Amino acid sequence: MRKPDKKPKRPFFNSFWQLMSSARAYSWVLVCAITGLFITRLAEGSIYKYLIPQTLDDGFIAHKAEFLQYMPAMFLGIFCAIGLGEFLSKYCMGYVGRSVVRDYRQQMLEHLLVVPMAYYKKHTIGELISKINYDAEQVALAVSEAVREFLNSVVAIIVLFGVMLSISWKVTLVTLFVAPLVGGALRMVGKRMRRYSSRVQETMGELTHVTAEIISGYQVIKVYNGANYEKRRIHLSTDNNWRQELRTFMIAALSAPLMQLIGGTVLVGFIYMVTLDTIKLPPGQIFGLIGVMFALIRPLKQIGGVNNIFQKGLAGVESIQKLLQASPEINNGKHVLSSCAGTIRFENVSFCYPDEPDKPVLQNINFTATRGKTIAIVGKSGSGKSSLIALLPRFYNPTLGHIYIDDHDIKDIELNSLRQQIALITQHVVLFNDTIANNIAYGMPQATRQQIINAATVANALEFIQQMPLGFDTPVGENGCLLSGGQRQRIAIARAILKDAPILIMDEATSALDTESEQAIKVALDSLMRDRTTLIIAHRLSTIEKADQILVMEQGKIVESGTHAELLAAQGRYALLQRAQLTHELEEVVA
């Protein structure tokens, strides 16, 4: 039996190029950092090449007065050069690392603004937050710390081998056998570290997702005694992350002593060689070579640790690239609506979600809505109501059929121009952690304060806003948590009024409100709906009795259509829904 093909892996050099190209915009800063590294390493190399041999031979053995006079200045100058080089390399690489993090986060967040609705259905909030926070930090560490230490180690090895070569080419050539050992060790450690780092990032996304759900759902958790269930989720996600992290630490812990063992073996071999009669060197040069060999152990050891960080960065850049390569919304429309009457027409529209192409959600939908008319859409949960209205602003595209606005197929309308004609109010009002004024004027930075006040007045929100400590400048808290449900809805209505779009969509906008709040908001909604084409998804049938047309949906199809009176007289599906709701409300009153 033929085994299924494995998923092809991204080649190492592709990921490496992606990682390094992220820092390409800061090449001049990288040049400064590399210059600093060379200053440091050349200064350190001069210690083993000149200072140690001369101090031993001319100072301690020969006692040359001339050398002893300028020796302190030489040491001071060399250490100043080392300090300057360290500062340049560390600051410049830190600058590059933080800049790369900023750039990646900007790119990811901006890309999330243009991906289609289906992308959010496939990825959890925690997964996306983990990419923006954790993965970006791993890339930053790789670009700044890992690249700096890697270059630092490479420059140190080159300079130190150069010093060794200038002292004794025979010893240097013999010690060069360490290179394939180092390369083989790095390759072995790097493959495992990269694999485990990818798993760490996956578990971090899961942990972030659990965290976000616990924080956002704390009320439900407390009321439904869900603490024990959430504790199990917490332990499962944190333990998974802990196990993967430990594996990376194990690889990291093994790599440093492995490199140290390789360097130590070379050092022992060197000491043995210089004791042979075939290699005759002055004492100062022998001590210089020993110093070089000891100095070589540190960069060899660092390369192992750097490789671990670098592999995490490669895994991070692959994860980020998956987000950045997600296809944006299709926006091939060229037509810009300079004006819009608001006439909507669905013609033979069918729809399947992209990940379920064999399960039709909507089938052969046909209806027309004109300016000033209200179309209500009712039906049981899962009948396709929300999917239908999601097609109008092109959150999704129809699988079959066409949708027209003023006789223009919406797929031919430029996306921003299309959405400019639509205002949306949903059951779950989205408010941002900003002031009341900025929430009302969201997406309309050109709005004046007087326009904002006028919109709030029409929405019956002015009275409660004026009672706030800072009026329109009062912060609403995260997602409007400092406001009541009715207040949040009226701000959403004011936002829609200020936009003044010819088409209004309301998705069960009053279903979560009590009767008193609903009546207070009804006046605002009546003002908003006037002279607009309105599509309403209704939960309470009593709110749509005055609709010009009611569409009754069942299993993705329109099974009835007419006014409230016509549908009741027909004694069909709508009448059954009406009776079931009246019975439920009566039972609630009796209870």
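Structure above, values below:
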{"item": "Greater than 29 Å apart at Cα, pairs in LYS334/LYS546; LYS334/LYS499; LYS122/LYS373; LYS122/LYS411", "result": "LYS334/LYS546; LYS122/LYS373"}
{"item": "Neighbourhood net charge (13 Å Cβ-Cβ; Lys/Arg +1, Asp/Glu -1) for ALA455", "result": "+3"}
{"item": "Label-to-label distance, nm, for residues given as ILE214 and LEU76 (7 Å Cα→Cβ offset)", "result": "5.9 nm"}
{"item": "Efficiency of FRET from Cβ geometry, HIS402 and ARG371, R₀ 25 Å, rounded to 0.05", "result": "0.80"}
{"item": "Inter-site label distance for TYR91 and SER27 at 7 Å from Cα along Cβ, in nm", "result": "2.4 nm"}
{"item": "Segment 321-428 - Debye-derived log10 I(q)/I(0), Cα point model, q = 0.13, 0.14, 0.20 Å⁻¹", "result": "-0.53, -0.61, -1.20"}
{"item": "Phi to ³J(HN,Hα) by Karplus 6.51 cos²θ - 1.76 cosθ + 1.60 over segment 335-349, Hz, x for Gly, Pro", "result": "6, 10, 7, 6, 8, 8, 7, x, 6, 10, 9, 9, 10, 6, 8"}
{"item": "3J(HN,Hα) from dihedral phi, segment 234-241, Karplus parametrisation 6.51/-1.76/1.60, rounded to Hz, x for glycine, proline", "result": "4, 5, 5, 5, 5, 5, 4, 5"}
{"item": "Net charge of Cβ neighbours under 14 Å - reference LEU498; Lys, Arg +1; Asp, Glu -1", "result": "+4"}
{"item": "Under 10 Å, Cβ to Cβ, from SER386 - net charge with Lys/Arg +1 and Asp/Glu -1", "result": "-1"}
{"item": "Extension gain, LEU236 back to ASN479 (0.36 nm per residue minus Cα-Cα distance, nm)", "result": "84.6 nm"}
{"item": "Inter-label distance for LEU84 and GLU245, nm, one decimal - labels placed 7 Å from Cα along Cα-to-Cβ", "result": "4.2 nm"}
{"item": "Estimated vicinal HN-Hα couplings, Hz - segment 408-423 in sequence order (Karplus 6.51, -1.76, 1.60; Gly, Pro = x)", "result": "9, 4, 5, 6, 9, 9, 4, 4, 5, 5, 4, 6, 5, 8, 10, 10"}
{"item": "Carbon + sulfur, % of accessible area of segment 330-487 - ligands and nucleic acids excluded, 1.4 Å", "result": "50 percent"}
{"item": "Length gained when the stretch GLU554-LEU324 is fully extended (0.36 nm per residue, less Cα-Cα span)", "result": "79.0 nm"}
{"item": "Efficiency of FRET from Cβ geometry, ARG579 and LYS546, R₀ 22 Å, rounded to 0.05", "result": "0.65"}
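The values are calculated or read from the model by the stated rules, or taken from the named source; none is laboratory data. In this text the structure is predicted, and so the values were computed from the model without any measurement. A quick note on method: Cβ atoms are made from the backbone with ideal geometry, for glycine too, and the neighbour counts reach across all protein chains shown. For the accessible areas, the whole protein counts, side chains as well, though only heavy atoms, and no ligand, DNA or RNA atoms are used. Shrake-Rupley method; radii C 1.70, N 1.55, O 1.52, S 1.80 Å.
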